[in-house]
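In what follows, a structure is listed as structure tokens, so that the remarks can point back to it.
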Amino acid sequence: MSSRRFRTSPSAAAPAQGTPPFVEHAPLFRAYRCSWSVVLVLSCVIELTACTESSQPTAAPVTRANAAAYVTGAAARSLNAEGQFVLPSPNLSGPYPQLTKAQAVALATGILRDFARFIWKGIEAEHGAFIDSADLRPCPEVYYAESPYQPPGASVDRMHRNFAGPYWLVSFCSSAGVAQLSVPVAAYATNMILRNGHVGWTKDTRIRGAETFPKGIPLGTTYPVAPENAVELVASETGRRVKNVPELIQRTIGYPPQYAVWKLVLDAPVPVRVLATAAESDDSVLYVGADEFSPNKLAVFRGNTVPGREPPEILRSIPDHDVHKPRVRVPLVRSTGVPRDFERVAILPTRR
């Protein structure tokens, strides 16, 4: 086995002078005067050092639960013979074109090939073990995480449109089926294309960024959690059944797409306590996703819809795609039915 963490392909020839029709091997995570530290961190080159698998921790693949015992109504009707959800295809219509699932998987594969080596050490640290790049392949499950916001206006530049838009959550697994790393792809990033398997951008691309946020997947979990496992967790703790087909929704633009949460509607309200404030309430809609404080664990949230609880969420867009102009403040508008924020809760014993 090679001792290199990442195996690279030969570099392509430098593009010709002038404006090429295709920008090959351009810096994927580049952001012009961008204040988002995650984008800047992703542009850093991290030294690759030798490593072996001999003393590395291992994990078995995370299996999807059989949700048949935990659902009712529309949720029950959406299960296949194995008790797993057959999720509806996402609605890709709207003011901006979107990538299809197949396009997102192909681009994620190209991103992994061309750019992941620059942050490989960090990805392995997040995963918690050595990752053999030669053993990776797309995991079977690919999820579409809806944006919590209405589509921003046409004046918003591509980078910030990606930040506020939906993402395809593509993961890569080992040959044994263990999830290793997540390479989400912005659904609005239709200007990102492949040529000979390598990532580039169309020639009309003036500003780019936020196309992806790769992360290592902690051992023993997946990004996102499988919807069946989210249903099993909530139903087991509450004694109630889930009645809706789970919907995957991103949190705010301060969280990476991997922390999207599944919206679950129970057949009756259950008592919960907000961990931050100790406030108690009865809720029939709960959300389940990765715990940002313990990424290999799950957290349960309730939605808070109280207006004015937080300041307006703002994008600082680049006007006219001209990086020399001052940023313009663009308010974001939450989509109908999406809570203003998500509060971590503990599920309480059912009141009699």
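The values are calculated or read from the model by the stated rules, or taken from the named source; none is laboratory data. Source: prediction; values computed, not measured. As a convention, Cβ positions derive from the backbone with ideal geometry for all residues, glycine included, and neighbour counts pool all protein chains shown.
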> Does segment 169-185 contain any residue that is touching a Gly at 6+ places or on another chain (Cβ under 6 Å) and either assigned to a strand (DSSP E or B) or not acidic (Asp, Glu) (or both)?
Replying inline: yes
> Taking only pairs six or more apart or across chains, which ones have beta-carbon atoms under 9 Å, a first residue in segment 328-352 that is within 16 Å of Ala278 (Cβ to Cβ), and a second residue that is surrounded by 12 or more Cβ atoms within 10 Å (Cβ to Cβ) and among the small types (Gly, Ala, Ser)?
Replying inline: Glu343/Ala279; Glu343/Gly303; Arg344/Ala299; Val345/Ser281; Val345/Ala299
>> Restricting to segment 129-160, and then to whatever is part of a strand (DSSP E or B) and modelled with pLDDT of 95 or more, can you tell me which residue is surrounded by the fewest Cβ atoms within 10 Å (Cβ to Cβ)?
In response: Arg137
>> Against the definition (of a type outside the set (A, V, I, L, M), assigned to a strand (DSSP E or B) and either over 17 Å from the mean Cα position of the chain (by Cα) or modelled with pLDDT of 85 or more (or both)), how does Lys263 come out, yes or no?
In response: yes
> Within segment 55-104, can you find the residues that are more than 23 Å from Thr222 (Cα to Cα) and either in a loop (DSSP other than H, G, I, E, B) or hydrophobic (A, V, I, L, M, F, W, C) (or both)?
Replying inline: Thr72, Ala74, Ala76, Asn91, Leu92, Ser93, Gly94, Pro95, Tyr96, Pro97, Gln98
>> Given the criterion aliphatic (A, V, I, L, M) and under 15 Å from Thr190 (Cβ atoms), identify the matching residue among Ala116, Ala129, Ala134, Ala154.
In response: Ala154
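Results for (1) buried (at least 22 other Cβ atoms within 10 Å of the Cβ); (2) assigned to a loop (DSSP other than H, G, I, E, B), shown as yes or no for each residue.
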{"site": "Thr221", "(1), (2)": "no, yes"}
{"site": "Pro224", "(1), (2)": "yes, yes"}
{"site": "Glu228", "(1), (2)": "yes, no"}
{"site": "Pro271", "(1), (2)": "no, no"}
{"site": "Ala278", "(1), (2)": "no, yes"}
{"site": "Asp282", "(1), (2)": "no, no"}
{"site": "Leu286", "(1), (2)": "yes, no"}
>> If I ask for residues that are assigned to a strand (DSSP E or B) and within 14 Å of the chain's Cα centre (by Cα), which ones from segment 234-260 would you list?
In response: Glu247, Leu248, Ile249
